[in-house]
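These notes are about the structure you will find just below.
Just so you know, all these numbers are worked out from the coordinates, no wet-lab data involved. Since this is a predicted model, take the numbers as computed values, not measurements. Cβ placement follows ideal geometry from the backbone for every residue including glycine, while neighbour counts extend to all protein chains displayed.
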Amino acid sequence: MTDRPSGEGDDDLTDFGFRSVPRGEKAGMVRGVFTSVASKYDLMNDAMSGGVHRIWKDAMMDWLAPRNGQTLLDVAGGTGDIAFRFLKRAPRARATVLDMTPDMLEEGKKRADAAALSDRLDWVVGDAMALPFADASFDRVTNSFGTRNVTDIQASLNEGFRVLRPGGRMMVLEFSQLPNPALQWAYDRYSFNVIPNLGQAIVGDRDSYQYLVESIRKFPDQARFADMFRRAGFESVKYRNLTFGVAALHSGWKI
């Protein structure tokens, strides 16, 4: 086990939860996790958070303030939750959902068809650290609960900056650290003792949710992650804690 945050470690190793693994192997391991849970991913999000993740995502949209005519890239967009919210608030916008796991995108396409949003959505299999888009392609870039799963967090932020147009904005919603030690202790007890068991009961996969809980603990805290935004080139970098810091919204502008 190592205590270094993911994305800031040894050149040859990176974190996969509490394990150190070869950097070249992490993407495949993460893809395996999300392939395993894709069909019940949205159901598990509700079960794990008691539905609170919906409030967090709505808060993300409130701060992002989608506008008609904008183009959104939702990185690690999975089943489309953020893209759907964006398009419902801006009916004449367009969204691209990128994810490394085809099974997650397939689940999203089914949801898009049901919500009559398919004509304004594109679905792309791709890597957050090497986005398959030209420079200055999008007005907004988002990532919701996917940043902690990439092998190199800084590279993913650098890529977000690259594909944004000048005046564009990147926003990341991610699990974070509670500043109150007592609350953090209670949250840890819930996370490690309840969430993997829910994964076993609902998805039939304890190990994937054990990894997801561990990955939260390896993610940089709010201040360190904000510094990574700045290193990528973003300005006016800010963050807001949600539910006492269980999650946090990070925002930066390409000026």
Legend entry - Förster-model FRET efficiency, 22 Å R0, ASN197 and LEU43, C-beta, rounded to 0.05: 0.90
Legend entry - Three-way shape call for the chain based on the alpha-carbon gyration tensor, with the a/c threshold at 1.5: rounded
Inset, instruction - Calculate the spin-label point distance for ARG92 paired with ALA130, positioning each point 7 Å from the Cα along the beta-carbon direction, and give it in nanometres. - result: 3.9 nm
Legend entry - Estimated distance in nm for a label pair at ARG230 and LEU13, the labels positioned 7 Å out from Cα along Cα-to-Cβ: 3.0 nm
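Quick check: from the Cα gyration tensor, does the stretch 122-255 come out rounded (a/c under 1.5), prolate or oblate? Intermediate results must be reported in sequence, preceding the final value.
Details: a/c = 2.74, a/b = 1.54, b/c = 1.78.
Verdict is oblate for the stretch 122-255.
Please sort 170-182, 224-236 by packing, taking for each peptide the average over its residues of neighbouring beta carbons within 10 angstrom, highest first.
On the way: 170-182: 18.7, 224-236: 17.0.
Going by the mean number of other Cβ atoms within 10 Å, highest first, we get 170-182, 224-236.
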Inset, instruction - Compare the peptides 86-92, 249-255 by average per-residue count of other Cβ atoms within 10 angstrom and give them in order, highest first. - result: 249-255, 86-92
Inset, instruction - Tell me what the chain gives for mean residue ellipticity at 222 nm when only DSSP H runs of n ≥ 4 count, each as -39,500 (n - 2.57), the sum divided by the residue total, rounded to 500 deg cm²/dmol. - result: -14500 deg cm²/dmol
Inset, instruction - Show the residues, 5+ positions off or on another chain, whose built amide H is closer than 5 Å to the amide H of LEU242. - result: ALA247, ALA248, LEU249
Legend entry - the stretch 223-231 - phi-based ³J(HN,Hα) in whole Hz, Karplus 6.51/-1.76/1.60, Gly and Pro as x: 5, 5, 5, 4, 5, 5, 4, 5, 5
Inset, instruction - Assuming R0 = 45 Å, can you tell me the calculated FRET efficiency for the pair ASP207 and ILE255, based on Cβ-Cβ distance, to the nearest 0.05? - result: 0.55
